[in-house]
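Notes follow the structure.
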Amino acid sequence: MNSSPVTKYLNQILDTVRDDDSGEVADYIEELAQADPDKLGIALTTVSGHTYTAGDCTTEFSIQSIAKPFVYALALRERGWDVVHRAVSIEPSGERYNSLSLDSENRPMNPMINAGAITVNQLINGDDSSVPERAEAIRQMLSDLAGRELRLNTELAYSELAGADRNLSLAYMLRSYGIIQDEARAAVLSYIMQCSVMVTTRDLALMASTLANGGIQPETGKRILDPEVCRLTMAVMSSCGMYDGAGHWIATVGIPAKSGVAGGLIGTLPGQLGIATFSPRLDRSGNSVRGIRAFQELSRQMGLHLMAPHRVGANAVRAIETVDDTTILSLQDHINFSATEQILYQISQHDFSASSLMLDVTMVMSIDKISRGLLQNTLLRMQNAGLAVSLYDPDNRLRGMMLDDQPIRQVDTEEHAEILKDFGSQ
Ligand code: GLU
C-alpha cells in the first residue's frame, strides 16, 4: 500500500515536524541515551486491518511506559475489575510519572504512573508467579497484540535496574502499605521487564488498533481482550496517559494516548484506528516532542478529536456499480479520515473496466479538508490513468473540486437522471 495517498499524507505529516529538534533524549538509562535522536516514524492501522507507515517504522526501540495500558488490560482480563480496582484507582494524578503518592485509600492514583504500574504488574500470572514467568506472560500478550513475536531485552532491563533508585523507593512505599508482596527489587525488576520489550512503530500501531477495535487484533483476527476491558483501558489512557500533560493533551489532541521515554507514542480512536509515532527527543513531561506535534496535526487536519461534533461515516461508500461504460461511486454520510480510508480502499479493490467514473456526493452530509484532498488526489490519479472522471454535486459539498487545476466536469441533474435511468433498466 506504499503508493497510497494515505502513505503520502503520513509522509507530509513527518515533513511538517521533522525540523523540530527541541527536547532531549532520555539519558537515565544508557541504552536510551544512545538512541539516534533524528529517527522519526509514524504508522496507522484501521480497525479493518489496513496499515500505513512512513519514515523509520521498522526501527526497534523499547516499549517503556506504553506497556502500562496493555498490562493494565491484561490484569483486567486475568483478575477482573473488582480485584484490579481494589489495588489501583483510575484518577488522574496531575503529577510526575514517578511521584511517590497514594490516594486517600492508600492506592496508587492510576495505572499509568509508575506506582500504579508496579502494582498492576504484580497482579499478572497469579499470586505465585516468578518474575521471569510474569515477564514471559506479558511479552506473550504484547506479541499477540503486535501480531509477531516480540523480544524481551533483558540486558536493557538490568541496566535500568542498576539506577532504579526512584522505582525502588516506590516499591518500598507500596510494600510498606501492603499493596505489593514481592521484595522491592523483584517488583521493580518485574516492572522494568515489561518496559524492556522491543517494538517498532508499526507494532505499536497494531497494538493500539486492537484496543480501538474492541480487543480483536485487526490483522490476525485473534480476540485478545474483551470490549469492556478495552473501553476501560482507553478511558484511563484518555485521563491519565500523558502524565502531567494529560489535560492539555485531551484538549488539543483528543485521542486516548500513552507515551514512553524511548520516544514512542500511541493513540487509539475507538471504532476507527490506532496510531503510533516514534521520535526519541522528549519534552519536560517525558513525552516525545515531534510525536506530540504529529498527533496535533493529525487530529486537527483529519478531524480525529473524540469531542468533535460530527459523527463518523461508518459506511461511506453507499454504492459502487458499473453499468455499460460508467462506474458510479456514490458516497454518503459524514466523511472524515476513517471514512475516506474506506473509500480509497474500496476504490483500490474495485475492477475499473469502464472508461468513465461518476462520483455522486448528493448523500454526503459533510467532508473535512484532508478527506477532500485525499479524494481529489485519488480522482486525479484515476483521471491520469485514462478514466473520464465526472462529478454529481448539486449542493457543492466538494466545493468545486479541481483536478490538475481544472474543475471536474459537473454532471447536471438531467444527465444524472439519464444515467440512473440506464441503471434501473439493467
Ligand atoms: N522504564 C521507565 C521508568 O519507569 C518508564 C518510564 C516511561 O516510559 O515514561 O522510569
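The values are calculated or read from the model by the stated rules, or taken from the named source; none is laboratory data. Being a predicted model, the structure only gives us computed values, none of them experimental. Cβ sites come from the backbone with ideal geometry, for glycine too, and all protein chains shown count toward neighbours. We work out accessible area using only protein heavy atoms, side chains counted, and drop any ligands, DNA or RNA first. Shrake-Rupley method; radii C 1.70, N 1.55, O 1.52, S 1.80 Å.
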Worksheet item: Please report, for the Cα atoms of segment 105-208, the Rg to one decimal and the Dmax as a whole number; what are they, in angstrom?
Response: 13.8, 40
Discussion item. Once the convex hull of the alpha carbons of segment 313-426 is built, what does its volume come to per residue, in cubic angstrom?
Written reply: 93 Å³
Worksheet entry | segment 272-339 versus segment 38-77: alpha-carbon centroid distance in Å | 17 Å
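So for segment 145-294, Kirkwood radius off the Cα pairs, Stokes-Einstein at 20 °C and 1.002 mPa s: how many µm² s⁻¹? Could the numbers behind the result be given before it?
Details: Rh = 16.5 Å.
After rounding, the answer is 130 µm²/s.
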Fill in: Longest to shortest principal axis, alpha-carbon extents of segment 171-250, angstrom
42, 31, 25
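Given a cut-off of under 8 Å on Cα pairs at least six residues apart, what relative contact order in percent is computed for the chain?
Working: 866 pairs, mean separation 70.0, N = 426.
For the chain, the relative contact order is 16 percent.
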Worksheet item: Quick one: Cα centre-to-centre distance for segment 147-198 and segment 79-93, in angstrom?
Response: 20 Å
Response to the item:
Connecting every pair of Cα atoms under 10 Å apart in the chain and solving the GNM, the largest mean-square fluctuation among Arg318, Arg399, Arg223 falls on Arg399
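Please tell me the relative contact order of segment 74-127 in percent, rounded to the nearest whole number, where contacts are Cα pairs under 8 Å and at least six residues apart. Don't skip to the end; give the middle numbers.
Numbers: 66 pairs, mean separation 20.6, N = 54.
It comes to 38 percent, rounded to a whole number.
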Worksheet item: For the chain, with only Lys/Arg (+1) and Asp/Glu (-1) charged at the beta-carbon, what is the dipole magnitude about the Cα centre, in debye rounded to 20?
Response: 640 debye
Worksheet item: Using heavy-atom solvent-accessible surface (probe 1.4 Å) with all chains present, what is the largest-first order of Met402, Met302?
Response: Met402, Met302
Worksheet item: Between segment 113-146 and segment 347-426, what is the C-alpha centre distance in whole Å?
Response: 52 Å
Item to complete: Binning at 10 Å from 0, report for segment 352-419 what percent of all alpha-carbon pair distances ends up in each bin.
Response: 20, 55, 25, 0
Worksheet item: Where only protein heavy atoms count, and the probe is 1.4 Å, what is the accessible area per residue for the chain in Å²?
Response: 41 Å²
Fill in: Alpha-carbon spread of the chain, three principal axes, descending order, Å
80, 43, 36
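For the chain, with all protein chains present and a 1.4 Å probe, just round the carbon and sulfur fraction of the accessible area to a whole percent. Please report the intermediate quantities before stating the final value.
On the way: 8130 of 17450 Å².
Carbon with sulfur: 47 percent of the solvent-accessible area.
Once you keep just the Cα pairs under 8 angstrom separated by 6 or more residues, what percentage relative contact order results for segment 155-301? Display every interim value, and only then the final one.
Values: 215 pairs, mean separation 26.8, N = 147.
18 percent.
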Fill in: segment 1-42 pair-distance distribution - Cα-Cα, 5 Å bins, rounded %
5, 19, 20, 18, 13, 11, 9, 3
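Restricting to DSSP H runs of at least four residues, report the calculated mean residue ellipticity at 222 nm for the chain, -39500 (n - 2.57) per run over all residues, nearest 500 deg cm²/dmol.
-13000 deg cm²/dmol
Which of the residue pairs Lys8/Lys68; Lys39/Lys258; Lys8/Lys39; Lys369/Lys421 have a Cα-Cα distance greater than 23 Å in the structure shown? Walk me through the numbers on the way to the answer.
Details: Lys8/Lys68 32 Å; Lys39/Lys258 19 Å; Lys8/Lys39 18 Å; Lys369/Lys421 33 Å.
Flagged as over cut-off: Lys8/Lys68; Lys369/Lys421.
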Item to complete: Can you tell me the dipole magnitude for segment 342-396 around its Cα centre, using point charges on the Cβ only (Lys, Arg +1; Asp, Glu -1), in Debye to the nearest 20?
Response: 200 debye
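To one decimal place, what orientation-averaged projected area in nm² is obtained for the convex hull of the Cα set of segment 259-308?
Numbers: hull surface 13.9 nm².
Reported value for the Cα convex hull: 3.5 nm².
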Item to complete: Place +1 on the Cβ of every Lys and Arg and -1 on the Cβ of every Asp and Glu in segment 234-380, take the dipole about the Cα centre, and give the residue among Ile347, Gly245, Thr378 whose Cα lies farthest towards its positive end.
Response: Gly245
Response to the item:
At 4 °C and 1.567 mPa s, the Stokes-Einstein diffusion coefficient in µm²/s for segment 1-102, with hydrodynamic radius from the Kirkwood sum on alpha carbon pairs, is 75 µm²/s
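Out of all DSSP beta bridges in the chain, what portion is antiparallel? Express it as a percent rounded to 5. It would help to have the intermediate numbers written out before the result.
On the way: 36 of 52 bridges.
DSSP beta bridges in the chain are roughly 70 percent antiparallel.
Given a cut-off of 23 Å, what percent of all Cα-Cα pairs of segment 71-159 lie beyond it?
Counting pairs separated by more than 23 Å, the tail of P(r) holds 29 percent.
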